[in-house]
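Heads up, the thing below is written out as structure tokens.
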Amino acid sequence: MSDTAPVKKQSVADEAALLPPVDVIEDASGITLYADLPGVTKDKLHLQIEADTLTIEGEIDLEMPGGMEASHAEVSLPRYRRVFTLSKELDAGKVAAEFNQGVLKLSIPKAEHAQPRKVEIRIA
């Protein structure tokens with residue numbers, strides 16, 4: 001590689017990342033998504049919804065105590081990243097998020113037009 005060759009910077013989206021395990025539960029009112037993000041703190045967790053795409057990103061903060069160094073580490077990448085395409089039936093404007101002890105819980109309700117509704121029957 002010569003000094004004059006252009007250097008391509010790697011964007012955050014292109015960097016290698018771990019895929020966090022995720023459970024998605026659907027019911028009549030919407031979906032609930034649980035993502036396991038051990039080692040991520042709330043200030044290092046980033047959620048983004050753009051159009052119909054949900055992106056979950058988190059930086060892992062596993063500090064070793066007292067200057068110790070790990071002789072073996074199974075977590076070799078410093079971040080998590082997972083991307084989902086949201087159904088048009090979901091109301092992305094009403095997402096509720098909770099984060100507790102490394103578990104992210106996202107509740108995404110179904111849009112009004114996709115909600116089940118009861119139809120009244122009249123006797124003619």
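Can you name the residue in the stretch 89-124 that is among the basic types (Lys, Arg) and modelled with pLDDT of 90 or more and, of all such residues, is least open to solvent (accessible area, probe 1.4 Å)? The extreme case among them is Lys110. Test of understanding: among Leu45, Leu18, Leu62, which residue is touching a strand residue (DSSP E or B) at 6+ places or on another chain (Cβ under 7 Å), closer than 17 Å to Leu77 by Cα and modelled with pLDDT under 95? Answer to the selection: Leu18. If the condition is being at pLDDT 95 or above and either more than 23 Å from Gly93 (Cα to Cα) or of a type in the set (Ser, Thr, Tyr) (or both), then the stretch 21-35 contributes Pro21, Thr32, Tyr34.
Scanning the stretch 108-124 for residues that are in contact (Cβ under 8 Å) with a residue 60 or more places away in the chain, out of contact with any Leu (no Cβ under 8 Å at 6 or more places or on another chain) and not in a loop (DSSP other than H, G, I, E, B) yields no hits at all. Among what's in the stretch 65-88 and is outside any strand (DSSP E or B) and at pLDDT 85 or above, pick the residue that is least open to solvent (accessible area, probe 1.4 Å). Checked the stretch 65-88; the qualifying residue least open to solvent (accessible area, probe 1.4 Å) is Leu86.
The values are calculated or read from the model by the stated rules, or taken from the named source; none is laboratory data. Since the structure is predicted, the reported quantities are computational estimates derived from the model, not experimental observations. Cβ coordinates were reconstructed from backbone atoms using ideal geometry, including for glycine residues, and neighbour counts include every protein chain displayed. Ligands, DNA and RNA are excluded from the accessible area calculation, which covers all protein heavy atoms including side chains. Shrake-Rupley method; radii C 1.70, N 1.55, O 1.52, S 1.80 Å.
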